[in-house]
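**Student:** Just dropping this structure here.
The values are calculated or read from the model by the stated rules, or taken from the named source; none is laboratory data. Keep in mind that what you see is a predicted model, and the values were worked out from it rather than measured. Cβ atoms come from the backbone with ideal geometry, glycine included; neighbour counts cover every protein chain shown. Side chains are part of the model used for accessible areas, which takes the heavy atoms of the whole protein and leaves out ligands, DNA and RNA. Shrake-Rupley method; radii C 1.70, N 1.55, O 1.52, S 1.80 Å.
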Amino acid sequence: MTAEQYINSLSEREQDIINCFRHIILENDQSVSEKFGKLMKNPYTFCYYEQGVFKYGLTVSKNHFSFHSLVLYSTPALMEELKTELQKVKFQKGCINFKSLDDFPVSDFEKHIKDSATIDFSPVIQHYQNKK
């Protein structure tokens, strides 16, 4: 399935949220490129890479949306900041699961991406390049 086919298979609400968040990532973090593919068990994920290293992911699951961020995983202070702002989402190590924009408002997501884009991601890139 192509990215366009996947988007077209989503409900209008899901399309609006995914497309909005995709736009925010690409607009506010110039270091990433988007690829459509598999992330963990989900075969339909929009993945964002910086210098070939996974940085963010967006996907729609059966009951929620998921935003994956290696920046959150590698920068606990950012995770703590979001935890104080977002009361209705489920946090995992580097993942935020949410059901609607009421849970993860666009303004909070945009602020997070802008903040993430300013964090030096090179140690993470170096770590993964050294593993190869």
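**Student:** Say whether the condition of being in a loop (DSSP other than H, G, I, E, B) and aromatic (Phe, Trp, Tyr) is met by at least one residue in the stretch 109-122.
**Tutor:** yes
**Student:** Spot the failing condition for residue 93; the list is (1) part of a loop (DSSP other than H, G, I, E, B); (2) over 26 Å from residue 126 (Cα atoms), and only one is missed.
**Tutor:** Result: residue 93 passes all but (2).
**Student:** Additional query: Anything in the stretch 53-83 that is buried (at least 17 other Cβ atoms within 10 Å of the Cβ) and of a type in the set (D, E, K, R)? List them, or say none.
**Tutor:** Of everything in the stretch 53-83, just one residue is buried (at least 17 other Cβ atoms within 10 Å of the Cβ) and of a type in the set (D, E, K, R), namely 55.
**Student:** Suppose we keep only residues that are at pLDDT 85 or above and basic (Lys, Arg) within the stretch 32-57. Which one would you say is farthest from residue 1 (Cα to Cα)?
**Tutor:** Looking at residues that are at pLDDT 85 or above and basic (Lys, Arg), I get 55.
**Student:** Please specify each residue of the stretch 1-19 satisfying the condition of being part of a helix (DSSP H, G or I) and open to solvent by 90 Å² or more (accessible area, probe 1.4 Å). Even if it seems obvious, please write down each step before you answer.
**Tutor:** Of the stretch 1-19, the ones part of a helix (DSSP H, G or I) are 3-9, 12-19.
Matches in the stretch 1-19: 4, 5, 8, 12, 13, 16.
**Student:** Pull up the stretch 35-52, narrow it to residues that are charged (D, E, K, R) and open to solvent by 60 Å² or more (accessible area, probe 1.4 Å), then point me to the one that is farthest from residue 24 (Cα to Cα).
**Tutor:** Restricting attention to the stretch 35-52, the residues satisfying the condition of being charged (D, E, K, R) are 35, 38, 41, 50.
Narrowing further to those that are open to solvent by 60 Å² or more (accessible area, probe 1.4 Å): 35, 38, 41.
On the way: 35: 15, 38: 21, 41: 25 Å.
Filtering first and then ranking leaves 41.
**Student:** Can I ask one more? Does at least one position in the stretch 20-31 carry a residue that is in contact (Cβ under 8 Å) with a residue 12 or more places away in the chain, surrounded by fewer than 16 Cβ atoms within 10 Å (Cβ to Cβ) and farther than 14 Å from residue 113 by Cα?
**Tutor:** No, there is no match, as no residue in the stretch 20-31 is in contact (Cβ under 8 Å) with a residue 12 or more places away in the chain, surrounded by fewer than 16 Cβ atoms within 10 Å (Cβ to Cβ) and farther than 14 Å from residue 113 by Cα.
**Student:** Can you name the residue in the stretch 26-84 that is aliphatic (A, V, I, L, M) and part of a strand (DSSP E or B) and, of all such residues, is farthest from the chain's Cα centre (by Cα)?
**Tutor:** Taking the stretch 26-84 and keeping what is aliphatic (A, V, I, L, M), we get 26, 32, 39-40, 53, 58, 60, 70-72, 77-79, 82.
Of the ones still in play, those that are also part of a strand (DSSP E or B) are 39, 53, 58, 60.
Details: 39: 11, 53: 14, 58: 5, 60: 11 Å.
Result: 53.
**Student:** Among the residues of the stretch 84-115, which ones are surrounded by 12 or more Cβ atoms within 10 Å (Cβ to Cβ), within 11 Å of residue 24 (Cβ to Cβ) and not acidic (Asp, Glu)?
**Tutor:** 106, 109, 111, 112, 113, 114
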